[in-house]
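Here the structure comes first, spelled out in C-alpha cells, and everything after it is commentary.
Every number in this text was worked out from the coordinates using simple rules, so none of it is lab data. Not measured: the values here are computed from a predicted model. Glycine gets a Cβ as well: all are built from the backbone with ideal geometry, and neighbour counts include every protein chain shown.
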Amino acid sequence: MPKVLCYLPGLEGGGAERTMVNLANELPTLGWQVKLAVGRASGGARDWLKPHTEVVDLAVLRSRQAPLRLRRLIRDWQPDVVFSTLIDGNVAARVACLGLRHRPALVVRETNSHQARGDLPGWLTRIAGWAYRGADHLVALSSGVGQEMIHSYHLSPHHVTVIPNPVDTTSLRQQADAARAAPPPWGADSSRPVVVGMGRLHRQKGFERLIEAVALLPADQRPRVVILGEGSLRDALSAQAQALGVDLLLPGFVRSPAAWLAHAAAFVLSSRWEGFGHVLVEAMACGAPVLSFDCPYGPRDVIVSGQNGLLLPEGDCPALASALSLLLSNPEQQQGLRQGGYAALPNYDLSAITGRYATLLASVASARVASARQAGCSA
C-alpha cells in the first residue's frame with residue numbers, strides 16, 4: 001500500500017486546510033496509507049477530520065523547527081510521497097527532504113498568486129522558487145496560478161498540474177436541503193434578504209469592499225450582510241458598517257456553513273486575490289446565487305458569468321452594488337444562477353478530485369523510484 005505524508009503548518013479553518021483534510025480523509029478509500037503531519041494541531045479544521053485520519057502533531061513553536069521535526073518523521077515512516085501546501089509548508093517540506101538517503105517524491109501545492117499578494121518579501125519568493133524547482137511536482141489550484149508559477153519560478157509546464165479543490169458537494173447539498181426546513185440561523189425577519197460572505201477577516205478577503213457596495217444601495221433596499229469567519233479586522237469591519245448604515249452580523253468561525261448559505265439571497269466573494277475560491281463552490285452546493293470580483297485568479301475558473309454566477313470587474317464596488325440590486329429583485333435570475341451552480345458541481349466532486357490527486361501522487365512516486373534506480377545504475 002503506497003504511503004503519503006501530508007503536511008500542513010497548522011489547522012486553521014481556511015481553504016488550504018479544508019482541502020488537505022479532505023484529501024487525508026479520502027485518500028485511504030483509494031488504497032493509500034495516510035498520515036497528516038501538522039506544525040500546530042489546534043484550530044477549527046480539527047472538526048473536519050474523520051476518526052480514521054491519523055494526525056501527527058509536530059508541536060512546532062517556531063517555524064524553523066518545522067523542517068527538522070518533519071524530517072525525523074519522514075525518516076521514521078519512509079513515505080513514498082510527501083505532499084505539502086501553503087508557502088511556508090512547502091519550503092519546510094523541501095528543506096526536510098534535503099539529503100535523505102531514501103528521499104520520497106515531493107509534491108507541493110500552491111494556493112495563491114504571489115504577485116497579487118504584493119506583501120511577500122523578496123527573500124521569501126526566492127526561497128519559494130528554490131523549493132518549487134526542487135520539488136518533483138507542483139499542483140496549482142487554478143490556471144492563472146499555474147501560469148504564474150511557471151513564469152515566475154522558471155518551471156517546466158510538465159512540472160505543473162492544475163487541480164481544483166475537492167468539495168464534498170453531496171454532503172453540502174443534503175445539509176442545505178435539511179436546513180431550509182428550519183428558520184435561518186440569524187433569526188432575523190425572513191422577508192429581508194441576507195447576503196453572505198465567508199473567510200478570514202483579513203485584507204485579502206476584501207470584506208470592506210462588500211460593505212462599501214451594500215452602502216451604495218438605497219437605505220430601504222440594503223440587505224443584511226453576514227460574514228462568517230474570524231480575524232484581525234473584526235473591529236474595523238464593525239466600525240465601517242456602523243458608520244455607513246449597513247446591518248452587519250459577524251458570527252465568527254462556523255464549522256458548517258450550509259445552514260447560513262441555504263438561506264442566503266446571495267453569496268459574495270469580495271477578495272483581492274484567490275487561488276481558487278473554495279467558498280464559491282460551497283455556496284453553489286448550498287443553492288446560494290454567487291457573485292464575485294474577477295480577482296486573480298480563481299473565480300474566473302469557477303464562474304461562467306450569467307450562467308452559474310456573476311463575475312464583476314475587480315474592485316468595482318458600484319458594479320457589485322448594481323448587480324446585487326438587480327439580483328435581489330429578480331427571483332428568476334436567482335433561480336437561473338442557482339440551477340447553473342448545481343450543474344457545475346461535478347467539476348469539484350470530492351471523489352473525482354481525490355481520484356485525480358491519487359493518480360498524480362502515484363505517477364510522481366513511480367517517476368521518483370525510476371529516477372533513483374537509473375541514478376544507481378549510472379553510479
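If you add up the charges near ALA92, with Lys and Arg at +1 and Asp and Glu at -1, over every other residue whose beta carbon is less than 10 angstrom from its beta carbon, what do you get? Walk me through the numbers before you get to the answer.
Working: positive: ARG64, ARG69, ARG71, ARG94; negative: ASP88.
That sum, taken over residues with Cβ under 10 Å, equals +3.
What percent does the relative contact order of the chain come to when contacts are Cα pairs within less than 8 Å and at least six residues apart? Before the final figure, lay out each step's value.
Details: 739 pairs, mean separation 58.0, N = 379.
Once normalised by length, the contact order is 15 percent.
Take each peptide in 139-147, 298-306, 167-175, count the other Cβ atoms within 10 Å of every residue, and average; sorted highest first, the result is 139-147, 298-306, 167-175. A protection proxy built from the mean count of other Cβ atoms within 10 Å ranks the segments 350-361, 29-40, most packed first, as 29-40, 350-361.
Helix 143-152 and the long axis of the chain differ in direction by around 50°, with both axes built from C-alpha atoms. Cross-link partners for LYS205 among the aspartates and glutamates, with Cα-Cα distance under 12 Å and sequence neighbours closer than 8 places in the same chain left out: GLU230, GLU274.
Sorted by packing (mean other beta-carbon atoms within 10 Å per residue), highest first, where do 323-329, 123-129 land? Show your work: numbers first, answer last.
On the way: 323-329: 17.7, 123-129: 14.9.
Ranked from most to least packed, the peptides come out as 323-329, 123-129.
By the count of neighbouring beta-carbon atoms within 10 Å, fewest first, LEU201, LEU291 end up ordered LEU201, LEU291.
Note down the relative contact order for segment 95-196 as a percent, whole number, built from C-alpha pairs under 8 angstrom at least six residues apart.
22 percent
Debye-formula intensities of the chain, expressed as log10 I(q)/I(0) at q = 0.07, 0.13 Å⁻¹, are -0.32, -1.04 (one equal scatterer per alpha-carbon, no solvent). All distinct Cα pairs of segment 169-347 go into the 1/r average, and the inverse of that average, the Kirkwood radius, is 15.9 Å. Among MET284, MET1, the order by Cβ neighbours within 10 angstrom, fewest to most, reads MET1, MET284.
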